Amino acid sequence: MLPHFDLDTIKFGTDPQTFERAIALYESGKVTHYEDDAYGCSAIVVGTHPYRVFVDARHYDRGQCDCYLGQKDVLCKHMVAVAIQAVTLGEPLSDKEKKRVDEVVCSGKIGELTKEHLASVKKSIAGAIRYIKAYTGPSRKWFIYQSSLCEGVHRLAAIICELPVSKQTAKLLIDLLLRLDHKLQFGTDDSDGTVGSFIYEVVALLEEYVGYDPKCAEAFRSLIGKETCFEWEEPLVRYLDEGRFR
Ligand SMILES: [Zn+2]
């Protein structure tokens, strides 16, 4: 069976603690009797007790586990461990594959992206932003919806952390913020602040960019006169007002 999800889906869609615990189960060989077919994969995961686990071939976070959480329909580490087994086929995971990026940090490298690299970064941003969608469903789907927002934000964070610092990449980030802002104003239900706090993190990153290279502030010009949903643009526009950049 080829699962319809990959390691990134699992990594970015699962909360950090559950993901880490699932990795530990997987790496210590606790996923046993693994089998799969067109519908999904099943295994016995040896935790406090041996648990019988099934994971849907299409959605790694759907299935069943007879542990305490699984019985309450909560995604548990056993299901995530089986999903990992399904995508890795038992191969060891590299440190990079295991590493989650949960916050935006500056690469500290100064420079521009090549034309080809810029195009591919734009493409991955567009891919990640698709997870941040408008919410129209019934309230019982809210949990799944929220995990999609988290997945989108974590995918974006992973892309952003790799970017070199320059006016070019600052502009890319401003465009991203404006797109996210537009989504918040038109239909994305960000009640738990997932997207909002991400925006603040990127604003702080852009301030750091200016510390590395003052020319980055030129990218903030497009924010002049914009009304954003919680005035996140203010600290950036101030760089222009105060003449810190000429
Ligand atoms: Zn479980």
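About the Cα centre of the range 117-245, how large is the charge dipole given +1 on each Lys and Arg Cβ and -1 on each Asp and Glu Cβ? Please answer in debye to the nearest 20. Could you put the intermediate results ahead of the total?
Working: 16 positive and 18 negative charges, 136 e Å.
Its charge dipole is roughly 660 debye.
Sorting VAL53, VAL237 by the number of Cβ atoms found within 10 Å of their own Cβ, with the fewest placed first, yields VAL237, VAL53. Each peptide in 85-91, 158-164 was scored by the mean count of other Cβ atoms within 10 Å over its residues; highest first, the order is 158-164, 85-91.
Pick out, in residue order, every one of the trypsin sites (Lys or Arg not before Pro) in the range 60-108 that is DSSP loop and has at most 11 other C-beta atoms within 10 Å; say none if there are none.
Numbers: sites: ARG62, LYS72, LYS77, LYS96, LYS98, LYS99, ARG100; in loops: ARG62, LYS72, LYS99, ARG100.
Filter output for the range 60-108: LYS72, LYS99.
Would you mind checking the tilt of helix 142-160 against the longest principal axis of the Cα atoms of the chain, expressed as 0 to 90 degrees and rounded to 10? Roughly 60 degrees, rounded to the nearest 10. Where only DSSP H runs of four or more residues are counted, the chain gives -15000 deg cm²/dmol as its mean residue ellipticity at 222 nm, each run worth -39500 (n - 2.57).
Projecting label points 7 angstrom from Cα along Cα→Cβ for TYR34 and LYS133 puts them 2.9 nm apart.
Here the dipole of the chain is about 340 debye; that uses its Cα centre as origin and unit charges on the Cβ of Lys and Arg (positive) and Asp and Glu (negative). Evaluated with a Cβ-only charge set (Lys, Arg +1; Asp, Glu -1), the range 119-189 carries a dipole of roughly 180 debye about its Cα centre, given to the nearest 20.
Read-outs: derived from the displayed coordinates by stated rules, not from any lab. All figures in this text were calculated on a predicted structure; none of them were measured in a lab. No Cβ is skipped: glycine too gets one built from the backbone with ideal geometry, and neighbour counts run over all protein chains shown.
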